[in-house]
Amino acid sequence: TIPIRVPALAERTGDIAPLTYHFLDKWSARYGRRRQISREAREAMERYSWPGNVRELENMLEFLVVTVEEPVIGIEHLPTHIKRNGTGDAGEVRVSGILPLRRAVEEVERQLIERASQTCSSTYSMARALGVNQSTIVRKIQKHMNGRA
């Protein structure tokens, strides 16, 4: 046998842009929501270490296609840990500033669902990871898609 080593996505930063465009096309067609990515967002993604490899990239892009209402996904739409170039605690969920408690809870909820969508392969596994029913995950994703949170 000949061992074949496939380098991690972090070692293949040149593949991030083509994979990004491929997954944006795939999920845009699937959901009927044409999306593009800004240069700043793509560059931040190229600086990120992608511990979840291609699956993490694909799951994040699917989530963004579904939840971002604008036609161009900007750096402001990326998860915080990717905007920070992968530094800091990947498990960290943050709310900046003082805002109404209800809005803060909605923001934390959105971040947790976003994080789960990047590492889990289905809404069922997301539900298990977050300790809720699968129907709750679907409802929360739809809520965020409709911009109500």
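The values are calculated or read from the model by the stated rules, or taken from the named source; none is laboratory data. None of the values given here were measured: they were computed from a predicted structure. Please note: Cβ atoms are built from the backbone with ideal geometry, for glycine as well, and neighbour counts cover all protein chains shown.
Could you check segment 94-120 and list, in sequence order, the residues that are in contact with a Ser or Thr (Cβ under 8 Å, 6 or more places away or on another chain) and in a loop (DSSP other than H, G, I, E, B)?
Arg94
Filter segment 47-85 down to the residues that are among the polar types (S, T, N, Q) and not in a helix (DSSP H, G or I), then identify the one that is surrounded by the fewest Cβ atoms within 10 Å (Cβ to Cβ). Reasoning before the result, please.
Within segment 47-85, the subset among the polar types (S, T, N, Q) is 49, 53, 59, 67, 80, 85.
Now drop any that are not not in a helix (DSSP H, G or I), which leaves 49, 85.
Values: Ser49: 17, Asn85: 14.
So the residue we want is Asn85.
Please go through segment 31-46 and pick out each residue that is part of a helix (DSSP H, G or I), of a type outside the set (A, V, I, L, M, F, W, C) and touching a residue at least 24 places away in the same chain (Cβ under 8 Å).
In the first step, residues of segment 31-46 are kept if they are part of a helix (DSSP H, G or I); the result is 31, 39-46.
Filter once more, so that each one left must be of a type outside the set (A, V, I, L, M, F, W, C): 31, 39-40, 42-43, 46.
Within segment 31-46, Tyr31, Glu40, Arg42, Glu46 qualify.
Output yes when any residue across segment 90-105 is within 24 Å of Ala17 (Cα to Cα) and either at pLDDT below 85 or of a type outside the set (A, V, I, L, M) (or both), and no when none is. Don't jump to the end; show me each part of the working.
If we filter segment 90-105 for residues that are within 24 Å of Ala17 (Cα to Cα), which is where we start, we get 90.
Still in the list and also either at pLDDT below 85 or of a type outside the set (A, V, I, L, M) (or both): 90.
The answer is yes; a qualifying residue exists.
Which of (1) in the same structural domain as Glu46 (by TED's automatic domain parsing); (2) modelled with pLDDT of 80 or more does Gln142 not meet, given it meets every other one?
Tallying (1) in the same structural domain as Glu46 (by TED's automatic domain parsing); (2) modelled with pLDDT of 80 or more, Gln142 fails exactly one: (1).
Can Arg94 be described as out of contact with any Lys or Arg (no Cβ under 9 Å at 6 or more places or on another chain), without any contact (Cβ under 8 Å) to a residue 24 or more places away in the chain and of a type in the set (D, E, K, R)? Full working, then the answer.
Values: out of contact with any Lys or Arg (no Cβ under 9 Å at 6 or more places or on another chain): yes; without any contact (Cβ under 8 Å) to a residue 24 or more places away in the chain: yes; of a type in the set (D, E, K, R): yes.
Yes; evaluated as a whole, the condition is true for this residue.
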